[in-house]
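Asks: If you scroll down you'll find the structure; I have some questions about it.
The values are calculated or read from the model by the stated rules, or taken from the named source; none is laboratory data. If you're wondering where the values come from, they're calculated on a predicted model, not measured in any experiment. No Cβ is skipped: glycine too gets one built from the backbone with ideal geometry, and neighbour counts run over all protein chains shown.
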Amino acid sequence: MNFRKLGLVFLTIALCVGIVILMQVRTERTEEIIMPGAKDGKTTVVKRDTLPDPNVTPEPVDDGVVWPDLTLNEMLEAENRQYAIVNDKNLLSAAFQPECDKITGTRAQLFEKSALPYLEAMLQDLRDHGFTPYVASGYRTYSFQEILFNGKASQIAAGMDPPVTDYLDPRYQEAVAVARTITAYPGSSEHQLGLGVDILDRERSWLDYNTMNQDFFAYLDSICASYGFIKRYPSNKLPLTGWDEPYHYRYVGEEAATFIMEHGICYEEFYAHYDPEFSF
Ligand SMILES: [Zn+2]
């Protein structure tokens, strides 16, 4: 064996060892996590988010439970917009545009003006506890959502066999139907409401929840209600909300948020309690 071959063998071995070490480090980071800010520095094992349950039904909340004192009429008032339900069946008009301001610490992300101080305080809380939150998306206009949606539908259509490029082709509507399960249809996104926000850990900001920093979300889930936010699309509620987006938080006000997070219900379940006509 000449030196060149020997060198190549060593290089291969070194590369393999490096990969194994790297994988181990990553596993350790996801399985056993030191909660930054924990006074005793104790190791906390953080649970992963629950998996989607295809048979999930609305959670019965005990009769004895005292729900926030609200009526549907109050929830529908313009000044109580934090209670608005926005989804595939409850669309915002194209003209709806909340008053927004820039979120401090972001380049150009916006959030609804009156709820912005609560979001900023929550982000500061995360920073104070050693995290590096990254606002991936705040307010989005109807037309931006339209661009996102049409882009997704066109991409799906182009991938069909044979590719569909003409929207008059009936198969284009099939692509639209598939796109509706991936990207929010224009008017159905809470980002247009100005009260929905995608928050990631800057260090590990891939949009795959399982590779995200679990202690970041465990901490965020434990504090969000005190700032009036809920985890809006937890994985286990996918059939009720239509989305599995565990990094999306929504401002609903402290009272509703505390109730929702304490009882482990999603916003649709909360809303249905006040609106007997509500359909999932
Ligand atoms: Zn979102």
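Asks: Just need a number here: residues in the range 213-230 that are farther than 17 Å from Leu116 by Cα and not aliphatic (A, V, I, L, M).
Replies: 8
Asks: Something else: Would you check if Val135 is out of contact with any Phe, Trp or Tyr (no Cβ under 9 Å at 6 or more places or on another chain), surrounded by 18 or more Cβ atoms within 10 Å (Cβ to Cβ), touching a residue at least 24 places away in the same chain (Cβ under 8 Å) and assigned by TED's automatic domain parsing to the domain that holds Glu277? It would help to see each step written out before you state the result.
Replies: Working: out of contact with any Phe, Trp or Tyr (no Cβ under 9 Å at 6 or more places or on another chain): no; surrounded by 18 or more Cβ atoms within 10 Å (Cβ to Cβ): yes; touching a residue at least 24 places away in the same chain (Cβ under 8 Å): yes; assigned by TED's automatic domain parsing to the domain that holds Glu277: yes.
In short, no.
Asks: Examine the range 201-210 for a residue that is within 14 Å of the ligand (Cβ to nearest atom), assigned by TED's automatic domain parsing to the domain that holds Glu99 and surrounded by 20 or more Cβ atoms within 10 Å (Cβ to Cβ), and state whether such a residue exists.
Replies: Checking the range 201-210: not a single residue is within 14 Å of the ligand (Cβ to nearest atom), assigned by TED's automatic domain parsing to the domain that holds Glu99 and surrounded by 20 or more Cβ atoms within 10 Å (Cβ to Cβ).
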